[in-house]
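Notes to accompany the following structure.
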Ligand code: GLU
């Protein structure tokens, strides 16, 4: 019988979630939803030295922003909890004992200094079948001494006893069967008495087993751990419920040379984190997609295609479509280049698909940041203004730059446009334009345009100069959407007010300059 699909995203809260981790979470989610399965969020916080405050909250907030839903986890609860490993110490202790009792693991007392010395004395030292009998552990020491040292509180670790010379097969849904020989593995530490905590390897597989995880979907960097995990499953006698492994391709630098790192982001100017991160220790701030003005749907779509394709050239797919189409058979083995420019393209496409009304809500923080109170303007006005300019923007932050003149009259006017378009006769022409506009019974774009153009033609004025001076007065520079669409939306009063303001502010000096 097919098992129920249960997948887990299992981050360690050691800092902000990297964009590669986000992709792992996304693929787990897509697969879970497609299969009607469960998506678990497990916090792997057994490495107490690397714990970073705020990292767990960050993970939750990032997944929520992206719409990656979690069925079971610390916040959601569930039948297999606790979902935070530091709260599962008893469970791990029992399992460590089971391995010790069955002689699948042993206790080792070697101090860091002793291990250092062994490494200095033997080239390529590895704690394994070839060396373990020369070390200080329960295989080489009398039972009483082991008990005494433990009773006296000497720190120890529990190591996994790896039998050499065995072919270990890892069956991976993307890579096929990968075989490695157990002789290359070392006797990994599974538990440390010093903090009474298991290591990643033990906690990870015990939890995958107890949480009935059916598929382990994670980054390629974990592939080297997989043979050890297979051996651990066997040591516990759980080989029949071993999850299927899926190791996702690495995310590569934009030029394809090497693994994507935070430094690439700093160097090339793109975020490698979903949300902005304020490092609690150094106070350093790392950029996030959300704060840089990306829409979550665009980030999801962009990430989905880094390592997977739908089998044709379809690029724009919302979450539902991704869920329907996702498959491991179309995941690549080789690394995926992090083409961040493409991320901007996706964002542009999603901006175009999103209504001005929805974008207005998203733009509020940006408006506030620039000292504009969004509530001073009607929702319809803001939405219509956004709809007029959104084709010119890639990010929400660009969108603000494009739309801001609808909310604040220009304080300054572009120097080069003044030089080109603001002639000595312009102020008088602008006075006339005000009268023409004021006389209009209908201020809509379609009604105003022919009247203004007829006036210019009648007077024999220079069309380009008059229209650009008009634009300069209202927008502050010779850019933006169709002029009569702008004036219609802004209304007669504000349009004429801005023209008056420009006549006062753009001085003849500027005009000659
Ligand atoms: N805690 C590991 C991480 O930080 C989990 C790896 C796995 O999914 O097995 O990614």
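The values are calculated or read from the model by the stated rules, or taken from the named source; none is laboratory data. Please read these numbers as outputs of a predicted model, since none were measured by experiment. Cβ placement follows ideal geometry from the backbone for every residue including glycine, while neighbour counts extend to all protein chains displayed.
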> How many residues are over 22 Å from residue 485 (Cα atoms) and not in a helix (DSSP H, G or I) when one looks only at the stretch 389-403?
Replying inline: 1
> Within the stretch 404-457, how many residues are within 45 Å of the chain's Cα centre (by Cα) and either free of Cβ contacts under 8 Å to residues at least 40 places away in the same chain or part of a loop (DSSP other than H, G, I, E, B) (or both)?
Replying inline: 12
> Would you pick out the residues in the stretch 13-41 that are over 10 Å from the mean Cα position of the chain (by Cα), within 10 Å of the ligand (Cβ to nearest atom) and either on the phi > 0 side of the Ramachandran plot or surrounded by fewer than 21 Cβ atoms within 10 Å (Cβ to Cβ) (or both)?
Replying inline: 14
> What do you reckon, is residue 264 under 25 Å from the mean Cα position of the chain (by Cα), touching a residue at least 40 places away in the same chain (Cβ under 8 Å), part of a helix (DSSP H, G or I) and within 16 Å of the ligand (Cβ to nearest atom)?
Replying inline: no
>> Against the conditions (1) assigned to a helix (DSSP H, G or I); (2) exposed (fewer than 15 other Cβ atoms within 10 Å of the Cβ); (3) modelled with pLDDT of 95 or more, where does residue 341 fall short? Just the number, please.
In response: (3)
> For the stretch 458-470, which residues satisfy the criterion of being surrounded by fewer than 15 Cβ atoms within 10 Å (Cβ to Cβ) and assigned to a loop (DSSP other than H, G, I, E, B)?
Replying inline: 460
> Would the stretch 137-148 turn up any residue that is touching a residue at least 24 places away in the same chain (Cβ under 8 Å), buried (at least 17 other Cβ atoms within 10 Å of the Cβ) and assigned to a strand (DSSP E or B)?
Replying inline: yes
> Would the stretch 346-362 turn up any residue that is in a helix (DSSP H, G or I), closer than 18 Å to residue 490 by Cβ and at pLDDT 95 or above?
Replying inline: yes
>> Among the listed residues 44, 56, identify the single one that is under 15 Å from the mean Cα position of the chain (by Cα), within 13 Å of the ligand (Cβ to nearest atom), surrounded by fewer than 22 Cβ atoms within 10 Å (Cβ to Cβ) and under 22 Å from residue 275 (Cβ atoms).
In response: 56
>> Show me the strands (runs of 3 or more DSSP E) found entirely inside the stretch 157-254 where at least 2 residues are within 16 Å of the ligand (Cβ to nearest atom), under 25 Å from residue 84 (Cβ atoms) and at pLDDT below 95.
In response: none
